[in-house]
Structures are given as structure tokens and as C-alpha cells.
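The block underneath contains the structure these notes are about, expressed in C-alpha cells.
The values are calculated or read from the model by the stated rules, or taken from the named source; none is laboratory data. Because the structure is predicted, anything quoted here is derived from the model rather than measured. Glycine gets a Cβ as well: all are built from the backbone with ideal geometry, and neighbour counts include every protein chain shown.
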Amino acid sequence: MAGLQIQTRSNGEITLQEETVRKFKESLRGELIRVGDSGYEDARSIWNAMIDRRPALIASCLGVAHVVTYFAREHGVTLSIKRDENGRSRQNPQGNAVPGAN
């Protein structure tokens, strides 16, 4: 079974198994968008066009996003936060929203 290559907080790479990604998706109250999925380009864009990140996964959370931070911390992966259309949360294009990521 193929996995998903994803960047770690220490600028390395790990492979997340498809089963891990599937379980993460099931734990969300929202959509999990991957590269190549419909809506990926819109989901990854932010107001500052000079920042052109291409995350492996984009979690579009409908509720409390603590599941996302736990997942990122558990797997040591980079996490950025993007505000929703109502302005909640702050954009964090640097990818250091997980405590201890710097």
C-alpha cells in the first residue's frame, strides 16, 4: 500500500500510511483535502500571493480543531492555520502552529 509523503517540523519527510490518513479523515468534522482533489487549489491559497505553499493535507474543520493539532504533534508534521470566511483563527503561513514546532 502506498503512503503519503509529508514534511516534518524538522524539515525531514515521513510516509503516512493510507490507513493513518483514513483514520484522521474520519476523526474530522469537515473535509480532508489532498493534492489533486477538487478544491485543493482554492483551499491552499491565502491572501498573500507571494506565499505559495503546497501542503500534503488540508483539513477544513467545521468544529473545534484540536484533533488536527493532536495529529500534527503525534506525527511530527508541520501545521499551518488559515482563518475561515468569517475571520476566525489567524493565518499562519509559516507552518508553526503546533507548540514546540520552532
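Please identify the pairs in which a residue from region 1-24 that is closer than 17 Å to residue 59 by Cβ has its Cβ atom under 7 Å from the Cβ atom of a residue that is part of a helix (DSSP H, G or I), counting only partners at least 6 apart or on another chain. These pairs meet every condition: 4/21; 16/75; 24/71. Identify the single condition in (1) of a type in the set (S, T, N, Q); (2) assigned to a loop (DSSP other than H, G, I, E, B); (3) at pLDDT 85 or above that residue 11 does not satisfy, given that it satisfies every other one. Only one criterion in (1) of a type in the set (S, T, N, Q); (2) assigned to a loop (DSSP other than H, G, I, E, B); (3) at pLDDT 85 or above is unmet by residue 11, namely (3).
Within region 14-52, the set of residues being among the acidic types (Asp, Glu) and assigned to a helix (DSSP H, G or I) comprises 18, 19, 26, 41, 42.
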